1. Pick from the range 271-287 the residues that are in contact with a Ser or Thr (Cβ under 9 Å, 6 or more places away or on another chain) and assigned to a loop (DSSP other than H, G, I, E, B): which of them is nearest to the ligand (Cβ to nearest atom)?
2. Name the residue, out of 401, 408, 393, 385, that is of a type in the set (S, T, N, Q) and touching a Cys at 6+ places or on another chain (Cβ under 8 Å).
3. Would you check which residues across the range 231-248 are of a type in the set (Ser, Thr, Tyr) and open to solvent by less than 30 Å² (accessible area, probe 1.4 Å) and list them?
4. Within the range 135-149, how many residues turn out to be closer than 19 Å to residue 88 by Cα and either among the aromatic types (Phe, Trp, Tyr) or touching a His at 6+ places or on another chain (Cβ under 7 Å) (or both)?
5. Assess whether residue 259 counts as being open to solvent by less than 20 Å² (accessible area, probe 1.4 Å), over 28 Å from residue 388 (Cα atoms), at pLDDT below 95 and more than 16 Å from the ligand (Cβ to nearest atom).
6. Would you mind telling me which numbered condition in (1) open to solvent by 40 Å² or more (accessible area, probe 1.4 Å); (2) part of a helix (DSSP H, G or I); (3) over 30 Å from residue 94 (Cβ atoms) residue 214 fails?
7. Is the range 465-485 home to any residue that is of a type in the set (Phe, Trp, Tyr) and surrounded by fewer than 23 Cβ atoms within 10 Å (Cβ to Cβ)?
8. Report those strands (runs of 3 or more DSSP E) wholly inside the range 338-386 carrying at least 1 residues which are surrounded by fewer than 18 Cβ atoms within 10 Å (Cβ to Cβ), within 16 Å of the ligand (Cβ to nearest atom) and at pLDDT 95 or above.
Amino acid sequence: MIGLNPLKFWFVCGSQHLYGPETLEQVADGARTVASGLEKDGRLVLPIEFAGVATTGDEIADICRRASADPECGGLILWMHTFSPAKMWIRGLSQLTKPVLHLHTQLNGSLPWDSIDMDYMNLHQAAHGDREAGFMHTRMRLGRKVVVGHWSDPEVQDRIDSWMRAARAWNDWQGAGIMRFGDNMRNVAVTEGDKVAAEMAFGFKVDGYGVGDLVDKMAEFSDAEVEALANAYAEQYTLVPELQPGGEKRSSLLDAARQELALSAMLKAGNYKGFTHTFEDLHGLNQLPGLAPQRLMEQGYGFAGEGDWKTPALVRALKVMGHGKSGATSFMEDYTYDISAPGKELVLGAHMLEVCPTIAEGKPQLEIHPLGIGGKADPVRMVFNSKTGPALNASLVDMGNRFRLVVNKVNAVEHPDLPKLPVARAVWQCLPDFKTACAAWILAGGAHHTAYSLDVTPEMLDDFATIAGIELALIDENTSLSQFKQDLRMNEVYWHLAKGFTV
Ligand code: MN
């Protein structure tokens, strides 16, 4: 995937100097065993580095300062092998700017019932050492993930993996840029938002460009370069006859390839991780870019239509979280429903053109059809059905005083053929059920634009919201509408006051 930074996670073991060098040597050995043991089954997406046993406030502050300053440190995994008086941690944790996972584990899984003595008890104190740490984290209102269980437990490792993926996406957002052609599609509300607040909250910027910059860039590519890319399409996709060499619409495919070359060059030149454009501002373009966003999303860029700059950032974040899994993450829009049979309702998701082929079942087909909006020539697009299975939709909305991440678990399902539908599509059922899910989504203010993924789990997005310090509104198999409404009301109060709780 484009633009992924190297990243590792520091494993920090808390203790105190009172135990003396002999015991601390055993603590260090135990901590090394846990740190390397977490990795050895290969369930973690990124490496762990043992960062030492911290026994004083100065050591802890030093670790936290170095972690914060290290661009390759994705976060800290903390574990108290023994007791570590937590006032020692205040200074360090106050300076820490990286995500935290508190692992509540123990070196040994079993108690040696026949031989246990006080020496053993004093060496294996996480049961209360981690409670002392937990109090301090809670007292400082430190957003963190707490994972409990023996370090060899696959479920424990999978939960750490989810957090690593969220932390990786968070790291990816810091200093990232979204390229934006034109402004918002006129009068659309949910795709608007405060870009200053977003950069403060999330660390990514949004840079505006005129579509004329894209038109100029397109002119820089030779016909031979364009032809070469169009020929490469034929190796990956099925082309309808009119787009094949000599076909009557071949020039439209060449035009789409030229758009891709220019967009790709501009994204690379500015080191961007996503982009958006709007069909209301296409001066100098012959067709709305459709194939190019599909191809660029496939390479790892985030995208959304109509000037929506939040959803490209979110699509990118989900692509980073899912990296190394199936790769199936796309920009999506709830388009239309089959609600003829209560209890069996289906949502048809698609967009005008731009659905990412990473979610495609089988080989996409390159087609060309008229587009009834934008007033331009027929655009080229890939058409395909989505893979099926557990998936989710996520939407990032600006509530005015904060951001809210709305997430709905869904199941992507098989569906009848759609011979007349000229766009890529996915069909899903919502959890817990269509009526509850849609009512909850609408009450939460979730957008029609989403990041859709078959890789990313609610746990990853929960971890991501915790790291970002934003509200998560999760709609899943456990959602009841009355409780969800109450949670939204409580969240209004909590997030309004939250900044004041740390003092
Ligand atoms: Mn749209």
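1. Applying the filter and picking the extreme gives 287.
2. 408
3. Passing the criteria: 233, 237.
4. The qualifying residues number 3.
5. no
6. Of (1) open to solvent by 40 Å² or more (accessible area, probe 1.4 Å); (2) part of a helix (DSSP H, G or I); (3) over 30 Å from residue 94 (Cβ atoms), only one is false for residue 214: (1).
7. Checked against the condition, which is being of a type in the set (Phe, Trp, Tyr) and surrounded by fewer than 23 Cβ atoms within 10 Å (Cβ to Cβ), the range 465-485 yields at least one hit.
8. 346-350
The values are calculated or read from the model by the stated rules, or taken from the named source; none is laboratory data. A quick note: this is a predicted structure, and the numbers were derived from the prediction, not measured. Note that each Cβ is placed from the backbone with ideal geometry, even for glycine, and that neighbours are counted across all protein chains shown. To get the accessible areas, we keep the full protein, side chains included, count just its heavy atoms, and leave off ligands, DNA and RNA. Shrake-Rupley method; radii C 1.70, N 1.55, O 1.52, S 1.80 Å.
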